[in-house]
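Report on one structure; see the data block that follows.
The values are calculated or read from the model by the stated rules, or taken from the named source; none is laboratory data. Only a predicted model underlies this, so the values are computations on that prediction, with no experimental measurement involved. Note: ideal-geometry Cβ built from the backbone for every residue, glycine included; neighbour counts use all protein chains shown.
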Amino acid sequence: MKVVLIRHGQSEGNLAQVIQGQKDYPLSKKGAEQAQKAGQELKETYHFDRIYSSNLQRAAKTAEIIASYFNITEITFTEKLSELNFGSFQGRKSLELTDEEKAYLNSCWENTTKHYPGGETVEELSTRVKEVFSEITNSNAENSTILVVSHRRTLFCFLKQILGTVPIVTDEWFKNCSVNELIRDKSTGKWQLIRFDNKYLKDF
């Protein structure tokens, strides 16, 4: 089984440099173009049997645009693939946060049981990601190739759940419409990350 993970195209929230979380921002014009380009490029390499997507419109529209290149008319939309809920920080401009607020945000990410104010914990995000991954692997044939369209922190938790670790990341990890590919060894059942942020990997 292959699972291809892709982050949504640029959204209006990305453009405005706000903390999006589960606030429902649409794709920007550039984001729609990124999704079209991704669809064209993915078609050259993959044949998708099924597409799963976050229900938030920036991911859902990205999935719909990509699906049009594969003549896939049915997409499975699920809240379990939505972005981390940042609570009261959602909708705020990143550049306007105080140092104390930035430190608080970082502490919630590092302490996985600490709630974002009015939001969820990283552990809760990881739990729903684990649930949807089980649904994907249990309801599709071993020779399937699955596309998952989601969000930066959700994809991070996705890889962490499956692999136990994630490659060293920078400020640009999981760029808009970046492609990541997992493949499961039939004999061992183990997953291997062979493509991360559009780059093919040997080791990490």
- Message: Quick check on Gly31: is it small (Gly, Ala, Ser), in contact with a Gly (Cβ under 8 Å, 6 or more places away or on another chain), buried (at least 21 other Cβ atoms within 10 Å of the Cβ) and over 18 Å from Ile146 (Cβ atoms)?
- Response: yes
- Name the pairs: first residue in the stretch 73-87 and touching a residue at least 60 places away in the same chain (Cβ under 8 Å) and under 18 Å from Cys157 (Cα atoms), second residue in a loop (DSSP other than H, G, I, E, B) and of a type in the set (A, V, I, L, M, F, W, C), Cβ to Cβ under 8 Å, at least 6 apart or on different chains? Ser82/Leu56; Glu83/Leu56; Phe86/Ile19
- May I ask you to verify whether Tyr116 is modelled with pLDDT of 95 or more, surrounded by 21 or more Cβ atoms within 10 Å (Cβ to Cβ), farther than 15 Å from Arg7 by Cα and not hydrophobic (A, V, I, L, M, F, W, C)? yes
- Are any residues in the stretch 42-59 farther than 21 Å from Thr137 by Cβ and either in contact (Cβ under 8 Å) with a residue 24 or more places away in the chain or of a type in the set (Lys, Arg) (or both), and if so, which ones? Lys43, Leu56, Gln57, Arg58
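Condition check ((1) surrounded by 14 or more Cβ atoms within 10 Å (Cβ to Cβ); (2) on the phi > 0 side of the Ramachandran plot; (3) within 15 Å of the chain's Cα centre (by Cα)) across all residues:
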| position | (1), (2), (3) |
| --- | --- |
| Ala16 | no, no, no |
| Glu41 | yes, no, no |
| Phe48 | yes, no, no |
| Tyr69 | yes, no, no |
| Thr76 | yes, no, yes |
| Glu79 | no, no, yes |
| Gln90 | yes, no, no |
| Lys93 | no, no, no |
- Right, Glu83: surrounded by fewer than 17 Cβ atoms within 10 Å (Cβ to Cβ) and of a type in the set (Asp, Glu) or not? no
